[in-house]
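Contents: one structure, followed by commentary.
The values are calculated or read from the model by the stated rules, or taken from the named source; none is laboratory data. Owing to the predicted nature of the structure, the values given are computational and were not obtained by experimental measurement. Neighbour counts are summed over all protein chains in view; Cβ atoms, including those assigned to glycine, are modelled from backbone coordinates with ideal geometry. Remember, those area values only see protein heavy atoms, side chains included, never the ligands or the DNA or RNA. Shrake-Rupley method; radii C 1.70, N 1.55, O 1.52, S 1.80 Å.
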Amino acid sequence: NMELRDEILRESSKANTMAVVAWAGDNPERIAQLVDLFLHGEYRVVQRAAWILSYVSDKYPELIQPHLAVMVDRMGHPGIPVAVKRNVVRILRDMPVPETLQGPVMHFCFQFLEDPKETVAVKAFSMAILGRLAKIYPDIRNEIVMLIEDHLREGATPGIRSRGIKTLKELGALKKTGK
């Protein structure tokens, strides 16, 4: 595992990232080592491991599934690098949230949306996830719609605007404006 950490830190390049992605392949033990560094490494290790894992999860989402519970749990720890949150919600945006994790994921996504200090990427991914979960849990729909409308009213960044409008459309909640 020490070698993997060194390899990850060797250089921040697409080539190095893809080399580690190739090394991990579809090997569950190697993916587990990557997840461990992603969740518990120091900041630079976390950021690079996140980049690698996002490629792995695009290729082999089923091999990331077993790690989702510990990833979601990690989002609740104070002071974790924003790269952890951003990449966990990015991964969750692109795959079905397992039923056992839907409650905690909803909790975190609402928390991120309500936090004025949260980053744009984390908020945008959270909106997308909540929009999808609202199809399973219709009772959260109004709360999401209200939060998104608040964001849009408060002069949102372009990223939040486009994601917010897209999510409102998906929820059939886009109000016609007088424009």
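A few notes on this one:
- Considering Pro104, Pro116, the condition of being surrounded by fewer than 19 Cβ atoms within 10 Å (Cβ to Cβ) and either part of a loop (DSSP other than H, G, I, E, B) or within 9 Å of the chain's Cα centre (by Cα) (or both) is satisfied by Pro116 alone.
- Extreme residue, nearest to Gln111 (Cα to Cα), among residues of region 144-167 that are acidic (Asp, Glu) and open to solvent by less than 80 Å² (accessible area, probe 1.4 Å): Asp150
- Among residues of region 2-30 that are under 13 Å from Ser57 (Cα atoms), those with a beta-carbon under 7 Å from a residue that is hydroxyl-bearing (Ser, Thr, Tyr) and part of a helix (DSSP H, G or I) at least six positions away or on a different chain give the pairs Val21/Tyr55.
- Scanning region 78-92 for residues that are hydrophobic (A, V, I, L, M, F, W, C) and open to solvent by 10 Å² or more (accessible area, probe 1.4 Å) returns Ile80, Val82.
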